[in-house]
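Read through the structure below, which is laid out as structure tokens, and then see the notes.
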Amino acid sequence: MIEVNDLRKSFKAVHALRGVSFTAFDGEVTGLIGPNGAGKTTTLRILYTVLTPDGGSAAVDGFDVRANAREVQRRIGVLADARGLYPRLTSREHIRYFGRLHGLKGAELERRIDRLIDMLDMGAIADRPAHGFSKGQSMKVALARALVHHPPNLLLDEPTAGLDVASARATRALIRRIRDEGRCVLFTSHIMQEVGALCDKLVVIGDGLVRANGTPDELRRSTGKADLEEAFMSATGTGEK
Amino acid sequence: MFDRVWVVFCKEVIDNMRDRRSVSLALLYPFLGPLVVAALIVFVGKSITSAPNATFILPVQGEANAPELIEYITTKGALVVPAPKDPALAVRTGKFDTALIISDDYGEKFDRERQATVHLVVDGSRLSAVIAMSRALDALRDYNRDIGTARLEARGLDPNLSVPLAIEQINVSGGRNLTGFFLNMMPPFLIFTIFVGGVYLAIDTTSGERERGSMEPLLTNPVARWELMVAKVAATFVFTAMAVAVQLVAFKVMFNLITGGDFGLRVDLGFWLFASVFLICLPLMLFAVTLQVIIATVTRSFKETQTYLGLLPLVPSLPGLVLVFVAINAHPWMMAIPTFGQTLLIGQMVRGEPLTGLSIVVASGFTLAASLGLLALAARLYARDELVFTG
């Protein structure tokens, strides 16, 4: 479970977050949506501990991101905004590296790596160096290394961006599967169709503030728009007034 | 903690080992110093330290004016050749190392036992001309003394009357003569290698990691940032130490080969000396590596990092280059300056001078303390948001 309370963050003169609050529950997919520059990625970055908040609090399974960063890191799997790979390491070595950083080793780690390679259908690239991987292939490696320690919480920054249809479908299937295992998934997206099809809850962010919060149906109802995209435009104030 | 540092360290080492081109280049680089010194010894050293009985070419103008003198200096090894039209020009342009001009009134004055004049054309700015010049000068002085002695004896006087001083040189350079000059070149080259040997890894593991977009995912793992930093410093340290070791071996092999050849060079630098030099360098390697990681952390891009780190090695090498030509009296406080202390210590070691324990303790202690201070600074810099997101 992820709890965010009155989160604030500024970069010099830019107020990226001006008091964001929401909760993402276990067994649910929560979509963090909003226009470019709304603060989605900043919120995720604070949650996955690469940025420190200026004010407010954020906690994962009750552990504060500032006071207990190590505990938070043990409980999250992250597909960060930057998802660079090491060109000279193979897919398998990428997954193994992150697994070992989570304290996994030996046969247990190798078993998990094999299962992820199988699950993400990456057999063909498992033992190839990452140099020259396509966007879809890189994404699979990045996802696999985020999942190797079986994290109870998943933070995914635009997991389907730039993927072809088949890869995007596979990724969505994976997200559902993780949700069905009772884990907490928080992800950002731009594609309203995807959000509508995948999310149990939506958090609409605009200008560093939460503009709307609830199920897709609740959002449609509160904005009076039948189409989710229209509802989104209305909630963020980017639509026709 | 050690588990996590070890995991990151191993990954960095393996990753870097696969970068064949960078690794082989980094291990070829250290050969440059020994090669330069070897070339200097072969080309310059040979002309300076040639055997005392070898012949040297001496162009003479007015040869006919002093047949006795010519005969004398020929027995002293001079190969007399006719002088060009303008001897001064010939020496200035390097056609000849030196030239002798015998004045036209030489014969007349010599016969009347008056002071006769000869001119020796020299170029003091050319190191390679020194040998011919001093051989010619010695031959002329010997002739001067012999004739003077004969003239005094002919008058029944003690020849020593005109030579109040008997000058005997005592050579203190450990019997190595010019060798010391070449040995002095080792410290600056070593310091340079210490600051260059692993620099590509310092850049790749921090600036590179950031630019490649792999820093952000890495930081989401349950590893303290200072642990990541320590692992990266350790990996860079290992490759720096490798480069320094390669250079020391290259120096040893080079000196062995040269000593075997006919270059008038006598060096006896044993294995333990090289091992001790390596140990003396260890704290400085930590200093250099941490400095590199700090620079790679605060700079905004790969390119900027490369610019700074490309210039960095020149600064600590400069004092060593100066010391090749100028000897200084090493005070213990100088040992406290990282890089300068080691430059002095390595210089003393290779020249075979006795080391004091105090110097070693001060040099190593202060450099180690400075390195730990830099490590603490690096840890603080690694903890900032700016590690990933540069302003």
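The values are calculated or read from the model by the stated rules, or taken from the named source; none is laboratory data. Bear in mind that the values here come from a model prediction, so they are computed numbers and not experimental data. Backbone-built Cβ (ideal geometry, glycine too); neighbour counts: all protein chains shown. The area values use the complete protein model at the heavy-atom level, side chains included, leaving out ligands, DNA and RNA. Shrake-Rupley method; radii C 1.70, N 1.55, O 1.52, S 1.80 Å.
Ignoring ligands, DNA and RNA and using a 1.4 Å probe, state the total buried accessible area between A and B in Å², rounded to the nearest 100.
2700
Once you charge only the Cβ atoms, +1 for Lys and Arg and -1 for Asp and Glu, what is the size of the charge dipole of chain A about its Cα centre, to the nearest 20 debye?
700
Please report the relative contact order for region B:51-162, taking Cα pairs under 8 Å with a sequence separation of at least 6, and give it as a percent rounded to a whole number.
Numbers: 144 pairs, mean separation 28.4, N = 112.
So the answer I get is 25 percent.
With each run of n ≥ 4 DSSP H residues scored as -39500 (n - 2.57), what mean residue ellipticity at 222 nm is computed for chain A after dividing by its residue count and rounding to the nearest 500 deg cm²/dmol?
-11500 deg cm²/dmol
When only Cα pairs under 8 Å and 6 or more residues apart are kept, what is the percent relative contact order across chain A?
It rounds to 27 percent for chain A.
How charged is the neighbourhood of A:ARG100? Take every other residue with its Cβ under 9 Å from the Cβ of A:ARG100, and add Lys/Arg as +1 and Asp/Glu as -1. Please report the intermediate quantities before stating the final value.
Details: positive: A:ARG96, A:LYS105, B:ARG4, B:LYS11; negative: B:ASP3.
Around A:ARG100, the charge tally is +3.
Taking amide H positions as placed in the peptide plane 1.01 Å from N, state which residues far from A:GLY56 in sequence (5 or more) or on other chains have amide H under 5 Å from it.
Amide H neighbours of A:GLY56, under 5 Å, 5+ apart: A:ARG8.
Helix-derived [θ] at 222 nm for chain B: sum -39500 (n - 2.57) over DSSP H runs of at least 4, divide by residue count, nearest 500?
-18500 deg cm²/dmol
As I understand it, the dipole of chain B uses +1 on the Cβ of Lys and Arg and -1 on the Cβ of Asp and Glu, about the Cα centre. Which of B:VAL91, B:PRO338, B:VAL121 lies farthest toward its positive end?
Value: B:PRO338.
Please compute, over every Cα-Cα pair in chain A, the percentage with a separation greater than 28 angstrom.
32
How long are the three semi-axes of the equivalent ellipsoid of chain B, in whole Å, if each is the root of 5 times an eigenvalue of the C-alpha gyration tensor, listed from largest down?
Gyration-tensor ellipsoid for chain B: 61, 21, 17 Å.
Region A:166-212 to region B:297-332: how many Å between their Cα centroids?
Measuring centre to centre over Cα atoms gives 53 Å.
Tell me the accessible surface of B:TRP6 in square angstrom (1.4 angstrom probe, heavy atoms of protein chains only), to the nearest ten.
140
Could you work out the relative contact order of chain B, using alpha carbon pairs under 8 angstrom and six or more residues apart, expressed as a whole percent? Walk me through the intermediate numbers first.
Working: 489 pairs, mean separation 79.1, N = 391.
Reported relative contact order: 20 percent.
Would you tally the net charge around B:GLU63, using a Cβ to Cβ cut-off of less than 13 Å, leaving B:GLU63 out, and scoring K and R as +1, D and E as -1?
-3
Skip the ligands, DNA and RNA, and give the accessible area per residue of region B:51-162 with a 1.4 Å probe, whole Å². Could the numbers behind the result be given before it?
Details: 6890 Å² over 112 residues.
The answer is 62 Å² per residue.
Considering only the protein assembly as shown, what is the antiparallel percent among its DSSP beta bridges, to the nearest 5?
Once the DSSP bridges in the protein assembly as shown are tallied, antiparallel ones form about 50 percent.
Could you work out how far helix B:357-382 tilts from the main Cα principal axis of chain B, as a 0 to 90 degree angle to the nearest 10?
It works out to around 40 degrees.
Between B:TYR29 and B:ARG141, what FRET efficiency follows from the Cβ-Cβ distance if R0 is 45 Å, with the result rounded to 0.05?
Given R0 = 45 Å and the Cβ-Cβ separation, E is 0.40.
In debye to the nearest 20, how big a dipole does region B:73-222 give about its Cα centre with +1 on each Lys and Arg Cβ and -1 on each Asp and Glu Cβ?
Numbers: 16 positive and 18 negative charges, 44 e Å.
Roughly 220 debye, rounded to the nearest 20.
With just the Cα atoms defining each centre, how far is region A:24-81 from region B:202-225? Give it in Å.
Each part reduced to its Cα centre gives a spacing of 19 Å.
Simple spin-label model, 7 Å along Cα-to-Cβ: B:ARG20 to A:ILE191 in nm?
In this crude label model, B:ARG20 to A:ILE191 measures out at 4.0 nm.
Give the shape of region B:51-162 as rounded, prolate or oblate, defined through the alpha-carbon gyration tensor: a ≥ b ≥ c are the square roots of its eigenvalues, a/c under 1.5 means rounded, and otherwise the shape is prolate if a/b is larger than b/c and oblate if not.
It is prolate, given that a/c is not under 1.5 and a/b is the larger ratio.
I need the calculated FRET efficiency for the pair A:VAL165 and B:ALA376, taking r as the beta carbon distance and R₀ as 60 Å, to the nearest 0.05.
Working: r = 51 Å, r/R0 = 0.86.
It comes out at approximately 0.70.
If I model a spin label at A:ASP121 and B:GLU71 as a point 7 Å from the Cα along the Cα→Cβ vector, what separation in nanometres do I get?
About 10.7 nm separates the two model spin labels.
Which lysines have a Cα lying under 28 Å from the Cα of B:LYS76, excluding residues fewer than 8 positions away in the same chain?
B:LYS46, B:LYS85, B:LYS95, B:LYS109
Relative to the compact-globule scaling 2.2 N^0.38 Å, provide the ratio for the alpha-carbon radius of gyration of region B:280-325. Please list the in-between numbers first.
Values: Rg = 12.6 Å, N = 46, 2.2 N^0.38 = 9.4 Å.
Dividing the Cα Rg of region B:280-325 by 2.2 N^0.38 Å gives 1.34.
Provide the three semi-axes, in whole Å and in decreasing order, of the ellipsoid equivalent to the protein assembly as shown as defined by the square roots of 5 times the Cα gyration tensor eigenvalues. Mind showing how you got there, number by number?
Working: eigenvalues 1261, 102, 91 Å².
Calculated on Cα positions only, the semi-axes equal 79, 23, 21 Å.
Can you say what percent of the DSSP beta bridges in region B:51-162, counting only those with both residues inside, are antiparallel? Round to 5.
35
Which net charge results when you count Lys and Arg as +1 and Asp and Glu as -1 among the other residues whose beta-carbon is under 13 Å from that of A:GLY27?
0
With each label point set 7 Å from Cα along the Cα-Cβ vector, what nm distance links A:HIS150 and B:LYS85?
9.9
For the protein assembly as shown, which whole percent of the accessible surface, found with a 1.4 angstrom probe, sits on carbon and sulfur atoms?
The C+S portion of the solvent-accessible surface of the protein assembly as shown is 59 percent.
How many Å² of accessible area per residue for chain A, probe 1.4 Å?
43
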